[in-house]
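Here the structure comes first, spelled out in structure tokens, and everything after it is commentary.
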Number of protein chains: 2
Amino acid sequence: MKDGYLNELLLLLLSKKGSYVSGEEISEKFGVSRTAIWKQVNHLRKLGYEIDSVPRVGYCLKKSPDLLLPEEIIQNSCLEFLARKIYYYPSIGSTNDEAKKLAQNGAPHGTLVIAEEQTGGKGRLGRRWVSPPREGIWLSIILRPSMEPYEAPRITITCAVAAAKAIRKVTGIDCRIKWPNDLLVEGKKVAGILTEMSADMDSINFVVVGIGINVNNADFPDEIKETATSLKLAYGKNVDRLKILTEFLLQFEELYRVLEERNFEKILEEWRKLSCNLGRRVRIIGKNFELEGIALDVDSDGALLIKTDGGKVERVLSADVSLRE
Amino acid sequence: MKDGYLNELLLLLLSKKGSYVSGEEISEKFGVSRTAIWKQVNHLRKLGYEIDSVPRVGYCLKKSPDLLLPEEIIQNSCLEFLARKIYYYPSIGSTNDEAKKLAQNGAPHGTLVIAEEQTGGKGRLGRRWVSPPREGIWLSIILRPSMEPYEAPRITITCAVAAAKAIRKVTGIDCRIKWPNDLLVEGKKVAGILTEMSADMDSINFVVVGIGINVNNADFPDEIKETATSLKLAYGKNVDRLKILTEFLLQFEELYRVLEERNFEKILEEWRKLSCNLGRRVRIIGKNFELEGIALDVDSDGALLIKTDGGKVERVLSADVSLRE
């Protein structure tokens, strides 16, 4: 579904979910024939919507399918700048790649790119992110922050806090943040964040922050079986993707406003409480270095501070972290 | 002219410039008719090429027009990775914007985007770069360096050194570098560099480094009359754009190799010698700060080090600099 195109009938039925709307009302509202409405209803039924129709009474939306359609997001959330434009894809290569293209062509601050499936989902360092159809939330947000490039890691941290809070609120699961960009449940990866930017040396042109949340995955490919999990596996039953999604968007919008007010320390405070690294012994593997020590804190540039056994504090901007006992 | 398409006849005539090539030879070489050759020759003449044709002797390229065509660049330079692909435009909005789009779509390391005119040329901080047709060199280079985002300013510095060296070598003009991204002649701006990048938090996806060199501009719009100059104005006569361009590409390729060998200090040494800032009193205006002091040095991240009157050394990543007496 492309920018700007929304199914108005679906929006109407969603807003009156459980009640009947007469064919006459619909016909007058949109200036279309009864036959056109009937066709639309059947189209929605094909998508999986359960719509009851009673002659001379009207249509009633009984149940939505498990889809993250823009109409559902709009109906179920109350957002100011986020998701004012939504690009929805049943299947796409990578939402981050698509978002970067859209941003390059001028897509506004807050644009949401969401897909039911990614065939080429990406993690950090070019790693793959397994994104099977309808099992998780695979999305990217286009942001145009007034920031210098070195401040961009703040967006990853903000996104991690928003996602952890949303998961905790909807499911009660003890979801933790692992620096720099993962969310863990019971020590296994349940979500990952990939922040990309277009910038010159003075300022950011745009940021694309992508997140993949494993919601209802029942299993994982062999190579990540030991390290990955889903909310369903932790929760014991299916989790409502739309609830997680809309809560995440709400939390992210709220925190982003704090970021815009140059109040990043407030977000860091929340991050510290949700972190699984701080105060623990960690092993750091960077591009050209390795070190081990105690994770002390994260600083205002999003760098991890490690106290090595020699007592020196190292500042790490980019690396893989593993927790040691 | 699009990627991959080169005028083979022009390449042949250029390689034998001043000598006659028989119609028969051309016809056999490219498997085309004499009439087709005649049409091509007339097309080249319309571009401004002076081509002599003598019946039963052949064609002789006498003189090239003042154009930066890919065939001329290839014929007049000997480059390894740089300009293996060239995108040439008689007129374009901004070569940096075009290069970013090409890079997003996979254009390889070293791709050159060049235009005779920019209608929306850009400088730092969204400023305009006046780029009238055929008066200067307006180009962008796509690079895919193995670097972390904070190292990107090194590319600006490398490009500045390459351009200053090329201008000095071809014209003998005392061209100086003003941190962070300008080249000055007699205290006036003769060239500017705009480095942009696409990156995640761990590594750079691509860099686009753009440079605009005022070569044969005879005058400037009122608002920049006092601060801008051209090589022609400094040199007293027209300067060969192609010579400046090919020398710049050669210098840039050479220095880029030094950069790749992680030998940035060597480039900084050259930068220091060409700088007009170091050791001088400067006024710094950043986004949220202002300061005055002596410019001491540039560090390995490309930051300018300023000793303020209080004796403190400040590290400046992004700002405007003006020289004080």
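Work out, step by step, the length gained on full extension between B:R281 and B:T308: first 0.36 nm times the residue separation, then minus their alpha carbon distance; give nm to one decimal.
Result for the pair: 8.8 nm of gain on full extension.
Along the three principal axes, how long is the protein assembly as shown when you take its alpha carbons, biggest first, rounded to the nearest angstrom?
Result, largest extent first: 88, 71, 51 Å.
In whole Hz, with x marking every Gly and Pro, tabulate ³J(HN,Hα) for segment A:222-227 from phi via Karplus 6.51 cos²θ - 1.76 cosθ + 1.60, θ = phi - 60°.
Whole-Hz 3J(HN,Hα) from phi for segment A:222-227: 3, 5, 10, 3, 7, 10.
Karplus couplings for segment B:185-194 from phi (6.51 cos²θ - 1.76 cosθ + 1.60, θ = phi - 60°), rounded to Hz, Gly and Pro as x?
10, 6, x, 10, 6, 10, 7, x, 10, 10
Are there any trypsin sites (Lys or Arg not before Pro) in segment B:95-171 that are in a DSSP loop and have at most 13 other Cβ atoms within 10 Å? List them by number.
Sparse-neighbourhood loop trypsin sites (Lys or Arg not before Pro): B:R127.
In a Gaussian network model over chain B where Cα atoms closer than 10 Å are linked, find which of B:A99, B:A218, B:A164 has the largest mean-square fluctuation.
B:A218
Under the 0.36 nm per residue contour assumption, what length would be gained going from the current alpha-carbon distance of B:E25 and B:K273 to full extension?
Value of the extension gain: 84.1 nm.
Determine the alpha carbon to alpha carbon distance for each of A:K101/A:K232; A:K189/A:K237; B:K232/B:K273; A:K100/A:K165 and list only those over 22 Å.
Table pairs above 22 Å Cα-Cα are A:K101/A:K232; B:K232/B:K273; A:K100/A:K165.
Name the GluC sites (Glu not before Pro) in segment A:222-289 that are in a loop by DSSP and that have at most 13 other C-beta atoms within 10 Å, would you?
Sites meeting the loop and neighbour criteria: A:E226, A:E261.
Amide H to amide H, which residues 5 or more places from A:D297 or on other chains are under 5 Å from it, using H placed in the peptide plane?
A:L305
Would you mind checking which residues have amide H under 5 Å from B:N205's amide H? H placed 1.01 Å from N; only 5 or more apart, or other chain.
B:S198, B:A199, B:D200
In whole Å, largest first, what are the principal axis extents of the Cα atoms in segment A:8-63?
25, 20, 20
Too long at a 21 Å Cα-Cα cut-off: which of B:K17/B:K85; A:K39/A:K243; A:K178/A:K225?
Check vs 21 Å cut-off fails for B:K17/B:K85; A:K39/A:K243.
Please list, in order along segment B:128-137, the HN-Hα scalar couplings obtained from phi with the Karplus expression 6.51 cos²θ - 1.76 cosθ + 1.60 (θ = phi - 60°), rounded to whole Hz, x for Gly and Pro.
7, 10, 5, 9, x, x, 6, 8, x, 10
What's the whole-number percent of alpha carbon pairs in segment B:70-274 lying beyond 27 angstrom?
Everything past 27 Å amounts to 22 percent.
Based on alpha-carbon positions alone, could you give the equivalent ellipsoid semi-axes of segment B:78-121 from the gyration tensor, as √(5λ), descending, whole Å?
19, 13, 6
What is segment B:70-274's relative contact order, in percent, from Cα pairs under 8 angstrom and six or more apart in sequence?
22 percent
What span do the alpha-carbon atoms of segment A:45-161 cover on each of the three principal axes, reported in whole Å from largest to smallest?
62, 31, 29
For B:T195, list long-range residues whose amide hydrogen, built 1.01 Å from N in the peptide plane, is under 5 Å from its own amide hydrogen.
Amide H neighbours of B:T195: A:M201, B:G210.
Sort segment A:212-325 into rounded, prolate or oblate with this rule: let a ≥ b ≥ c be the square roots of the eigenvalues of the Cα gyration tensor; rounded if a/c is under 1.5, and if a/c is not under 1.5, prolate when a/b is larger than b/c, oblate otherwise.
Oblate, since a/c reaches 1.5 and b/c is not below a/b.
Add -39500 (n - 2.57) for each DSSP H run of 4 or more in chain A, then divide by its residues: what number comes out at 222 nm, to the nearest 500 deg cm²/dmol?
Theoretical 222 nm ellipticity from helices: -9500 deg cm²/dmol.
Which percent of Cα-Cα pairs in segment B:281-323 sits in each 10 Å bin, short to long?
Result, from short to long distances: 33, 61, 6 percent.
Evaluate 2.2 N^0.38 Å with N set to the residue count of segment A:249-295, then give the Cα radius of gyration divided by it.
Its radius of gyration relative to the 2.2 N^0.38 Å reference: 1.55.
Every read-out reported here was derived from the displayed coordinates using simple, explicitly stated rules and does not represent laboratory data. Owing to the predicted nature of the structure, the values given are computational and were not obtained by experimental measurement. Because the Cβ atoms are built from the backbone with ideal geometry, glycine has one as well, and the counts that use them run over all protein chains shown.
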